[in-house]
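Values quoted throughout were computed directly from the atomic coordinates according to the rules given, and no laboratory measurement underlies them. Since the structure is predicted, the reported quantities are computational estimates derived from the model, not experimental observations. Here the Cβ is made from the backbone with ideal geometry for all residues, glycine too, and neighbour counts use every protein chain on show.
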Amino acid sequence: ISQRALTFTGSKTYDGSASATAAQLAFGNNVDGGNLTMSGSVTLASANAGSRSITSFSGLSLGGSAAGNYTLTEASGMVTVGQATAAVVVASYAVTYDGSAHTATVTSITGVNGETGATVGTVDVSHTTHTLANTYASDYWTFTGTANYNNIGSTTITDTISQRALTFTGSKTYDGS
């Protein structure tokens with residue numbers, strides 16, 4: 001009786017790494033149920049989000065009473081790498097009217113594994129641009145992630161342009177009043 005070649009399925013969130021741990025994998029054709037366990041990790045064809053084939057089982061080991069019935073030599077598998085969620089910080093503004101247009105500021109875009117800025121995605125703050133004095137309580141920004149990051153829909157912020165206090169100067173000739 002020949003050992004059975006295992007198949008694997010799995011899922012993980014993008015983390016910049018081309019590996020998946022045993023905890024992120026499931027057996028695709030284990031006929032022995034709980035009598036087969038695994039530990040370690042596998043290498044994926046790519047770290048990027050999407051459906052990725054397992055290219056190496058060198059870090060994975062089998063355990064349990066049924067381990068001798070299976071082989072990793074001819075094993076195969078796919079892991080779905082899901083998009084990560086970026087941390088996006090947009091600063092609203094509170095200014096005094098000066099006749100100029102004002103727009104909220106993108107403070108930071110941070111992803112995983114040290115990724116920042118345009119590598120992670122782009123922020124649209126065009127719906128926060130105003131010139132006139134008012135409180136804009138329904139301003140919003142959106143984030144479009146690159147292939148490895150989720151988009152972030154409309155996120156509401158409040159921007160404020162306060163009224164400017166007027167000052168007056170003048171002159172007149174003395175007329176007794």
Quick one: what are the phi-derived ³J(HN,Hα) couplings along the range 114-119, Karplus 6.51/-1.76/1.60 with θ = phi - 60°, whole Hz, x for glycine and proline? x, 6, 9, x, 5, 5
Over the range 1-111, what relative contact order in percent results from Cα pairs under 8 Å that are six or more residues apart? 29
The chain, Cα convex hull volume normalised per residue, Å³: 138
For GLY59, other-chain or 5+-apart residues with amide H closer than 5 Å (H placed, Pro excluded) are SER41, THR43
Per-bin percent of Cα-Cα distances, the range 88-151 [10 Å]: 21, 44, 23, 11, 1
Ordering of 117-126, 79-88, 164-173, 28-37 by packing [mean C-beta count within 10 Å, highest first]: 79-88, 117-126, 28-37, 164-173
For a paramagnetic label modelled at 7 Å from the Cα of THR105 toward its Cβ, which residues of the range 140-160 fall within the zone defined by backbone nitrogen distances under 19 Å? 140-142, 157-160
J(HN,Hα) series, the range 134-141, from Karplus relation 6.51 cos²θ - 1.76 cosθ + 1.60, nearest Hz, glycine and proline x: 4, 9, 9, 7, 10, 5, 8, 10
Taking R0 as 30 Å and r as the Cβ-Cβ distance between SER126 and THR146, the FRET efficiency 1/(1 + (r/R0)^6), rounded to the nearest 0.05, comes to 0.95
In order over the range 10-16: 3J(HN,Hα) from phi, Karplus 6.51/-1.76/1.60, θ = phi - 60°, whole Hz, x for each Gly or Pro, gives x, 8, 7, 9, 3, 9, x
